[in-house]
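The block underneath contains the structure these notes are about, expressed in C-alpha cells.
The values are calculated or read from the model by the stated rules, or taken from the named source; none is laboratory data. These numbers were taken from a predicted model, which means no experiment stands behind them. Here the Cβ is made from the backbone with ideal geometry for all residues, glycine too, and neighbour counts use every protein chain on show. These accessible areas exclude ligands, DNA and RNA; they are computed on the full protein's heavy atoms, side chains included. Shrake-Rupley method; radii C 1.70, N 1.55, O 1.52, S 1.80 Å.
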Amino acid sequence: MNPNLCVPTKPLAPEATDGVCEGGEWTAPTVVPATTPGINYVVTQQPNAGNGWTYIVTATVQNGYAWGDLTGTGWVEVSSATATYTGTVDPNLCEPTVPAAPEATDGVCEGGEWTAPTVEAISGTGYTAVVTQQPNAGNGWTYIVTATVQSGYAWGDLTGTGWQKVTNATATYTDTVEPNLCEDVFPVAPTVEDNFCTGGVFTPPTVVPGVTPGLAYTVVQQPTEANGWTYIVRATIVVDNIAWGNLSGTGWIRESATVASFTKTVVPALCVEIIPPRPTVAPETNVCIEDSFVPPVIVPGKTTGVVYTVVQQPSAKNRWTYIVTATIVEDGIAWGDLSGTGWVADSATKTTYISTVVPHGCDAPKPHKPTGVAVLPNTGAGPSGDSMFTMLWLMILVASSATVIGLRLRRVSR
C-alpha cells in the first residue's frame, strides 16, 4: 500500500450577496469564498458593472490533495491543481428620485371670514413626504416638508428644486406663505336728524347711516310712533380682506360673518299741545260810571311761546265784535284740539278768536238785529275768521243805513 496517495476533495461554492439599496445608500455585492481543508480560495474577479456583475473564485488544492468528482458543484477543473467558480450577482442599484414640491395655498379673507394657509405634501415614486411644520404667525408663516426615500431609491440631483438633502435618506423643503389676514372693520353708529317741533309742526326723526369703506348700510326700520320710535340699521361687508372686529360695547350686534345690526330707540321731540285761553273783558270796562258808559276792552290771555294780538276791539260801529289772534313764536309747541274753544286755526302757527260783547249800563246802545239779517252767536265752529268779519261789516253797514233813514224821516216829519 502506497502511503503517498492524494486525498480527493471538493471545493465549496462561495457565499455571494447581492447589492442592496437601503436608506438612500447603495451597498455593493460581496463574494466570500468558503473554507475547506486542503484547498486555498481566492476571489480572482470581483463583480462590477464592467464585467456584468460576474465574479470568479479560484480554488487551489494543497499538497496531498486532488480534485474529487466536481460534477454538479459549479466548479470547473482548470488543471489538476486549480478549479474556478463563476457566478453573477444582482447589483440592486439605487434608482434616483426627486420629490415634487408641496402644494401651498396662501391664506384668504373672503365674506368676512379668514381661511388659514394650507400646505399639502406630495408623495411620489420612491419617496414619501409629510408636512413637519405648518405655517403660523409664530414661525413667520414658514412651513417645512420632509421627504424620505424608500428602499431601492436614492436622491437624484436636487439642484434648483427647493429641496435640501439632509441625509442619504431625507430631504426638506422650506418656504413661506402669505397669510392675507382679515383687517378688522367697525361699523359707525348712525345719526339721527330732524326730530324737532318748529312752526307748530312736529318733524319726525330720520336715521342716517354712516359711511365706512367696504360696508353697505341699510336703514331697515325708521323710528315711528307705531314702532315705539325704534330704528334698525344693518351693515353688510361687501368687499374682501375685512372682517368684523370686536363689536362689544359698540351697539352693533353681529348676525353673521358679513352682517351686523344696530337697534336703538329715539326720544321724540314731540310738540307740546296748547289751547289758547279765551279773551276776557277788562275789569271796570263795559260798565256805566257816573252816567258815562265805559266801553268794553278785550284783554287776551297769556301763554308762554304765544303772542296774542287784539286785532279789533268791540265798539258800536262793529256791533261790539272783537277779534283776537294768537301766534306761536317759539319752538316745541303746537295747537291742540281747538274744537269747541271758539278758536279757529288759520295755520300751524296762527289761530283767530271772533266774538261779540253785550254792552252793559247807561242804557248803552245794544246790538240790534238788522232788518233781514240774522245775527248768530259765535261758537268757534262756524265760518272762518275772514267770512265772519265780512258778515259783521255787512251787518254794520245795514244798521248804519237804517239809522240814516230814520234821521231823515224825523226831519221830514218836523
Quiz item: Based on Cα positions only, what radius of gyration and what Dmax would you give for region 155-243, in angstroms?
Solution: 28.6, 94
Self-check item: Cα-Cα P(r), region 118-197, percent of pairs per 5 Å interval
Solution: 3, 12, 18, 16, 11, 8, 5, 4, 3, 4, 3, 3, 3, 2, 2, 2, 1, 0, 0
Exercise. Starting from the coordinates of the alpha-carbon atoms of region 130-288, obtain the Kirkwood hydrodynamic radius over all distinct pairs and give the value in Å to one decimal.
Key: 22.6 Å
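Taking N as the number of residues in region 5-126, what value does Rg over Cα atoms divided by 2.2 N^0.38 Å take?
2.04
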Quiz item: What Kirkwood hydrodynamic radius, in Å, does region 286-349 give when the mean of 1/r is taken over all pairs of distinct Cα atoms and then inverted?
Solution: 13.9 Å
Self-check item: Highest average packing first - 240-252, 94-106, Cβ atoms within 10 Å
Solution: 94-106, 240-252
Practice problem: With the full set of protein chains in place, find how many percent of the accessible area of the chain is carbon and sulfur; take the probe as 1.4 Å. | Solution: 55 percent
Quiz item: With the radius of gyration and the Kirkwood radius both derived from the Cα set of region 75-144, what is their ratio Rg to Rh?
Solution: 1.59
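Arrange the peptides 266-273, 173-180 so that the one whose residues have, on average, the most other Cβ atoms within 10 Å appears first. Intermediate results must be reported in sequence, preceding the final value.
Numbers: 266-273: 15.0, 173-180: 16.8.
Per-residue mean Cβ counts within 10 Å order the peptides as 173-180, 266-273.
Which whole-number value in Å² is the accessible area per residue of the chain, probe 1.4 Å?
Accessible area per residue, the chain: 57 Å².
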Quiz item: If region 319-361 were replaced by its equivalent ellipsoid, with semi-axes equal to the square roots of 5 times the Cα gyration tensor eigenvalues, what would those be, largest first, whole Å?
Solution: 26, 11, 8
Exercise. Divide the volume of the convex hull of the Cα atoms of region 1-73 by its number of residues and quote the answer in cubic angstrom per residue.
Key: 93 Å³
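Highest first, please rank the peptides 297-308, 344-355 by the mean number of other Cβ atoms sitting within 10 Å of their residues.
Final packing ranking: 344-355, 297-308.
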Self-check item: Orphan Cys of the chain, criterion: no other Cys C-beta under 4.7 Å
Solution: Cys6
Quiz prompt | Computed [θ] at 222 nm, deg cm²/dmol, the chain (DSSP H ≥ 4; -39,500 (n - 2.57); rounded to nearest 500) | solution = -2500 deg cm²/dmol
Practice problem: Sort Tyr127, Tyr41 from largest to smallest accessible area, using a 1.4 Å probe on the heavy atoms of the protein chains. | Solution: Tyr41, Tyr127
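Given the convex hull over the Cα atoms of the chain, what projected area results after averaging over all orientations, in nm²?
Numbers: hull surface 172.6 nm².
If I average the Cα hull's projected area over directions, I get 43.1 nm².
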Quiz item: Using alpha carbon centroids, what distance separates region 141-206 and region 88-135, in Å?
Solution: 20 Å
Practice problem: Return the single residue from Pro14, Pro276, Pro314 with maximal mean-square fluctuation; model: Gaussian network over the chain, springs between Cα atoms under 10 Å. | Solution: Pro14
Quiz item: Pick from Ala171, Ala49, Ala116: which residue has the top mean-square fluctuation in a GNM of the chain where Cα pairs under 10 Å get a spring?
Solution: Ala49
Quiz prompt | Surrounding net charge for Gly112, when Lys and Arg each add one and Asp and Glu each subtract one, Cβ distance under 10 Å | solution = -2
